[in-house]
Amino acid sequence: MTYGDNLAFFKANGIETIELQSPDGQCRVLTVPAYQGRVMTSTTGGDEGRSYGWVNHDYIASGEVNPQFNSYGGEERFWIGPEGGPNSWFFKPGDEQIYANWKVPAVIDTDTYEVIERSDASVTYAGHAVLTNASGREFSIGFRRKVEIVPTSKVADILGVPVPEGVRALVYSTANTLTNEGESAWNRETGMPSVWLLGCFNPTKTTTVFIPYNKDHEGRIVKDDYFGEMPEGRLVADDGMVYFKIDGEYRAKIGLPAGSAKDLCGSYDSEAHVLNILRYTVPQGDNDYVNSQWGPQEDCFGGDVINSYNDGPTETGTIMGPFYEIETSSPGAALAPGESLTHTQYTMHLEGPEEALAPLIKAVFGKDVADIKGRF
């Protein structure tokens with residue numbers, strides 16, 4: 001589908017959308033209030049342009065509301081961590097942490113967020129929930145999310161280099177805020193929520209996710225055993241870069257922890273000549289990143305800063321997408337009553353001839369385009 005096709009799809013299914021546009025109408029970002037202000041898709045080419053986000057058309061058109069989780073898709077959605085362990089928001093106290101007991105809180109699944117501010121290029125959403133974690137502690141949480149197209153004049157500042165001639169570029173930011181609206185402080189003892197952003201994109205056999213890592217990090221570079229042992233030929237960590245094969249044919253997930261992760265990630269489809277870049281907030285100093293692993297945990301704050309997921313058949317042979325995800329997280333929100341934490345992410349879509357994209361990849365990531373294309 002083109003971007004215009006997706007816009008028409010939501011209208012045909014009676015789903016309210018709020019569309020952001022650049023002054024020339026070519027860069028567009030499609031958000032949905034009923035899906036917590038998530039960005040469903042975007043484009044650099046107006047109605048006829050490529051639609052970058054993965055949208056679960058069949059599920060949305062069915063009108064189904066699943067009590068566990070509603071897989072609408074979307075290229076950037078606002079969640080909270082952790083998913084598993086004693087501080088989880090997805091399991092009731094005392095429940096075994098297995099899929100049958102897993103349930104996504106309504107505030108990040110089915111709640112409609114209020115629109116509190118709007119312009120042609122930005123929209124701000126707000127929500128609120130009282131949640132109980134798996135240890136039985138209650139949290140009153142305010143949610144705020146601002147989605148904004150970055151003006152053309154500021155794109156080079158965010159990207160770090162000018163956009164090459166002949167490349168169409170869209171950059172949008174989201175500022176995602178958690179506020180402690182209760183009467184008690186959040187800390188390591190009580191458990192803490194974190195901002196967790198997940199983006200679904202369309203996989204191809206010619207797409208590679210690449211994530212820089214700190215070469216002087218002494219711990220593990222990348223966790224790759226979320227769904228068992230990673231097969232050979234799907235993951236490479238070499239000379240400061242993690243490369244992950246994206247084809248929508250094998251279910252696998254990776255994550256980089258604090259100390260290893262930087263504030264940057266990319267994916268490149270060498271056939272479509274589409275480069276996606278994410279830049280996101282990584283605070284200086286030591287930070288507690290929440291652990292989303294299900295079940296008992298040795299370290300509740302040894303979680304990942306950035307993750308990527310390649311969809312594929314489950315044990316039963318079913319498949320949700322296929323899609324691939326890039327996910328970023330804030331540290332745990334150690335907040336006194338009334339305090340807030342904001343996690344900001346920039347999503348950049350760049351489309352054009354490879355000879356124009358190659359020097360941009362080199363300038364931003366320090367790698368030749370052949371380093372990425374030739375890994376798998």
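Descriptive notes on the structure:
- Rounded to the nearest 20 debye, dipole of the chain from Cβ charges on Lys, Arg, Asp, Glu: 280 debye
- Residues of type aspartates and glutamates that Lys103 reaches as a straight line, Cα spacing below 13 Å, ignoring anything fewer than 8 places off in the same chain: Glu83, Asp95
- Placing +1 on the Cβ of every Lys and Arg and -1 on the Cβ of every Asp and Glu, with nothing else charged, gives the range 60-198 a dipole about its Cα centre of roughly 140 debye.
- DSSP-assigned coil residues among trypsin sites (Lys or Arg not before Pro) in the range 166-242, each with at most 10 further Cβ atoms within 10 Å: Lys215
- Cβ-defined net charge surrounding Trp294, 15 Å radius [Lys, Arg +1; Asp, Glu -1]: -3
- For the chain, the relative contact order is 18 percent, taking Cα pairs closer than 8 Å that sit 6 or more residues apart in sequence and dividing their mean separation by the residue count.
Any read-out appearing in this document is the output of simple, stated calculations on the displayed coordinates, not a laboratory observation. Predicted model only: the values in this text are computed from it and were never measured. Heads up, the Cβs are rebuilt from the backbone with ideal geometry, glycines too, and the neighbour counts pull from every protein chain shown.
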